[in-house]
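Undergrad: Let me begin by handing over the structure; questions about it come next.
The values are calculated or read from the model by the stated rules, or taken from the named source; none is laboratory data. These numbers come from a predicted model, not from an experiment. Backbone-built Cβ (ideal geometry, glycine too); neighbour counts: all protein chains shown. Ligands, DNA and RNA are stripped out before the accessible areas are found, and what is left, the full protein with its side chains, is counted by its heavy atoms. Shrake-Rupley method; radii C 1.70, N 1.55, O 1.52, S 1.80 Å.
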Amino acid sequence: MLGRSFSFRGLAGAALVAAIVSSTAIAARAEGTVRIQQAAGGVNVYDNVKIQILHQTLNVTTADGKGTLIIYRAACSYQGEIMACLPTGATLVQGGDVSPIKIVSGTVYVNMTSGAQTLSLSTMQVPAHSVVMAIKTGKGTYITMNGTIDKVAK
Amino acid sequence: MRNIAILLTLAILVAPASAMARPGGGGGGRDFGGGGRGMARPAPAARPSGGGFNLSNDVRRPQPQRPPQNVQRPNNGGNFNRPNNGNNNVNRPNNGNNNGNRPNNGNNNNGNRPNNGNNNNGNRPNNGNNNVNRPNNGNNNNGNRNNINNGNRNNVNISGNTVNRTVVNNPVYTGGAWGWNHGVAWAPAPYYWGGGFWGAMAISATSAAIYGSIVANGHSYTSYQVQPSSPGATFLTNYSLTQVQCGPSGLVVVYGPQNSVICANPNNYVAAGTYQLNTDTLTLSSI
């Protein structure tokens, strides 16, 4: 398959190389970080997660693509240019199962602008096109996440 | 020969990029712990063997099926009716007495509480009236809104649709719904006082300052300080209202989502009185 692709010559071959490199670079953009702290204290940190806003849901996918946390319902309001959401519904899609995750508290800050925005009553800034999140589940698990939005699909 | 050259070029270009994309070797993350410097770090949690997020404590596991023990238990039987349950009888040697004292467990629900449906009606016969005094329910549940409003109107002798009801339009946002929120619909979130409209204050655990309370229909509704940058703060700003402690007379009393209430001093926009807040448009309706 690879050899067949390279049967193209000249400009076609160069374009193909460029396309492959380009797609690899896009994959490398997934640079979000998720930290999960269990109620018992154990901590996992997941780098290079992919953050997508798809049809008004927030999707966070592990780098290995095997787990996606979806926040599908939230009470959102704008604080200046930042959207602050109180998430109320989440599911974990993993291992072929779709499991509800009970959220009891937390906030998701979404900055869809092209400039960094400062949170209200805080010195913390949310970078452009980025998400900052901290939630607590019904089982006492803390999930925090930050990173650049990789894709938005309305 | 040219193909080989292109292949080599591709290999050189792709290799470092792939390495950047998967620093964890495809595992999708890293654990704290081990060789930590300075502050003590929490121990790493076990990862799911199949990859993905470790939220095993938050995901319901399928319950193993139990053998159908004690399924066939006739009532009033005592030991004779379940003589061979093995360990069950050993651990509960007085089945006879137990059964004698509770002979009709299966029927007790019906026998001792035969009128659950009626009890609810009997004990809470005036839902309509109650909601008159707690008009906030109207925003919370569309299904209830119709019934509540109908009940209210009848009870307070408001005939027709909007007679004697003053609507104070939002001075800032005069358009349609959600204009105050960049067009994004807002819905109350559970676990927060007022659904989070007045700020992210967890019910029963908020450390926000208490701003008095309102007693209506025998119920006391505690008011809390509206948090800055919340939708409720936007509402107050729109009407140039300043929140004050609930309790004294002559205030603007505003019922918000989920039985929440706040109070403010009257001003040029809003006269003293009791109002229901429409979260769609941030308009006030007197009640």
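Undergrad: Of all the accessible heavy-atom surface of region B:163-285, with the other protein chains kept in place and a 1.4 Å probe, what percent is carbon and sulfur?
TA: Taking all protein chains in place, region B:163-285 shows 49 percent carbon and sulfur surface.
Undergrad: So, one more: Need one value for A:63-70: mean number of C-beta atoms belonging to other chains within 10 Å of its residues' C-beta atoms.
TA: 6
Undergrad: In nanometres, what is the gap between the two model label sites at residue B:237 and residue B:286, each 7 Å from Cα along Cα-to-Cβ?
TA: Those two pseudo-labels are separated by 2.9 nm.
Undergrad: Report the label-to-label distance for residue B:60 and residue B:185 in nanometres (one decimal), using points 7 Å from each Cα along the Cα→Cβ vector.
TA: Inter-label distance under the simple model: 2.6 nm.
Undergrad: Could you pull out every residue, at least 5 positions away or on a different chain, whose amide H is within less than 5 Å of the one on residue B:251? Hs are placed 1.01 Å off N in the peptide plane, and Pro or chain starts have none.
TA: B:273
Undergrad: With a 10 Å radius around each residue's Cβ, average the other Cβ atoms per peptide and rank B:243-254, A:139-150, highest first.
TA: My ranking of the peptides, most packed first, is A:139-150, B:243-254.
Undergrad: For A:80-88, what's the mean count of beta carbons from other chains sitting within 10 Å of each residue's beta carbon?
TA: Mean shielding by partner chains, rounded to a whole number: 4.
Undergrad: With each pseudo-label sitting 7 Å past Cα toward Cβ, what's the residue B:165-residue A:57 distance in nm, one decimal?
TA: Reported label-point gap for residue B:165 and residue A:57 is 3.6 nm.
Undergrad: Roughly how large is the A-B contact in terms of buried accessible area, totalled over both chains, probe 1.4 Å, nearest 100 Å²?
TA: Between A and B, the summed buried area is about 4400 Å².
Undergrad: Near residue A:102, which aspartates and glutamates are there with a Cα under 20 Å away, not counting those fewer than 8 places off in the same chain?
TA: Output for residue A:102: B:58.
Undergrad: If amide H atoms are built 1.01 Å from N in the plane of the peptide, which residues on other chains or at least 5 residues away come under 5 Å of the amide H of residue A:73?
TA: The answer is A:88, A:89.
Undergrad: So, one more: Which whole-Hz couplings ³J(HN,Hα) result when phi for each residue of region A:140-154 is put into the Karplus expression 6.51 cos²θ - 1.76 cosθ + 1.60, θ = phi - 60°, listed in order with x for Gly and Pro?
TA: Residue by residue, region A:140-154 yields x, 8, 9, 10, 10, 7, 8, x, 7, 6, 8, 7, 10, 10, 8 Hz.
Undergrad: Can I ask one more? At a Cα cut-off below 19 Å, give the lysines reachable from residue A:50, other chains included and same-chain residues fewer than 8 away excluded.
TA: A:66, A:151, A:154
Undergrad: So, one more: Other chains near A:71-77: what is the mean number of their Cβ atoms within 10 Å of each residue's Cβ?
TA: Mean inter-chain Cβ contacts per residue within 10 Å come to 6.
Undergrad: Using R₀ = 30 Å, calculate the FRET efficiency as 1/(1 + (r/R₀)^6) where r is the Cβ-Cβ separation of residue A:121 and residue A:29; round to 0.05.
TA: 0.45
Undergrad: Can you list residues from other chains, or at least 5 along the same chain, whose modelled amide H is less than 5 Å from the amide H of residue A:54?
TA: Hits under the 5 Å cutoff: A:59, A:153.
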